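The values are calculated or read from the model by the stated rules, or taken from the named source; none is laboratory data. Bear in mind the structure is a predicted one, so any value in this text is a computation, not a measurement. For neighbour counting, all protein chains shown are included, and Cβ atoms are generated from backbone atoms with ideal geometry for every residue, glycine included. Side chains included, ligands, DNA and RNA excluded: accessible areas come from the protein's heavy atoms. Shrake-Rupley method; radii C 1.70, N 1.55, O 1.52, S 1.80 Å.
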Amino acid sequence: MGPDQFLTPRLSVFHWRDELRDHLLRECLEDELITILTPNVLGPLPPSMQVQDRGISHWIDDRCAESDILLVRQKHDRHLIGLMILALDSAHKSVPTVHIGYLIAETAWGKGYASELLDGFVAACTSGPAVRLVAGVGRDNPASARVLQKSGFTLSRDDSSVDTEIYVREIGAPMVP
């Protein structure tokens, strides 16, 4: 679906499966997530992505059931600053389509981490098979739309709605049947 891990100048990005398998590491991750999944970070997301009353452990389990999650940590101190969410869309057959999303901790906003994360992900995808990346952003979140545009995504007016702009980026040559 995409790379399981990659590095950027300031970030180490990798799948969270190893941390979830180890009980102590999962507990630490849950504590870290509670601090970054604030109402402002989760606010633009649909109700299914909110932590709600069930707690962070259920939130993690729900994400595992529907998508792949990459942890975004600062390289120099391994501090968790965000998540990248990848969900395969099986409806598109000719080129695999992956819906991507990212959550960046409020303390890391405005420091270029989202752009660095997306640029690193796109670069890591270029060494694999063709893929179509799709990202949605609320019309009330122009900063996130600019991040996508800077990373080479283009607005798909046909797929966008009144509330959400859909951005697309195709990487690699299409597969030949």
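For region 65-121, a crude dipole built from +1 on the beta carbon of Lys and Arg and -1 on the beta carbon of Asp and Glu, taken about the Cα centre, is about 140 debye to the nearest 20.
Taking a span of 15 Å or more along the helix axis (Cα atoms) and a mean Kyte-Doolittle hydropathy of at least 0.0 as the rule, the DSSP H helices of the chain that qualify are 23-36, 113-125. Counting heavy atoms of the protein chains alone, residue 163 has an accessible area of about 110 Å² for a 1.4 Å probe. The magnitude of the dipole of region 91-177, with charges of +1 and -1 set on the Cβ of Lys/Arg and Asp/Glu and taken from the Cα centre, is near 180 debye.
Mind giving me the FRET efficiency for residue 89 and residue 28? R0 is 35 Å, r the Cβ-Cβ distance, nearest 0.05 is fine.
Working: r = 32 Å, r/R0 = 0.92.
FRET efficiency, residue 89 to residue 28: 0.65.
Projecting the Cα atoms of 29, 81, 43 onto the charge dipole of the chain (Cβ charges, centred on the Cα centre) puts 81 farthest toward the positive pole.
One quarter of the convex hull surface built on the alpha carbon atoms of region 27-87 amounts to 4.4 nm², the projected area averaged over directions. Summarising the overall dimensions of region 37-151 from its C-alpha atoms, the Rg and Dmax are 14.5, 41 angstrom.
Send over a whole-number figure in Å² for the accessible area per residue of region 47-172, probe 1.4 Å. The partial results should precede the final answer.
On the way: 6330 Å² over 126 residues.
The answer is 50 Å² per residue.
Within the accessible surface of region 24-177, defined with a 1.4 Å probe on protein heavy atoms only, the carbon and sulfur portion equals 55 percent.
Over region 1-94, what is the relative contact order in percent, taking alpha-carbon pairs closer than 8 angstrom and at least six residues apart? Mind dumping the intermediate values first?
Working: 91 pairs, mean separation 31.1, N = 94.
Relative contact order comes out at 33 percent.
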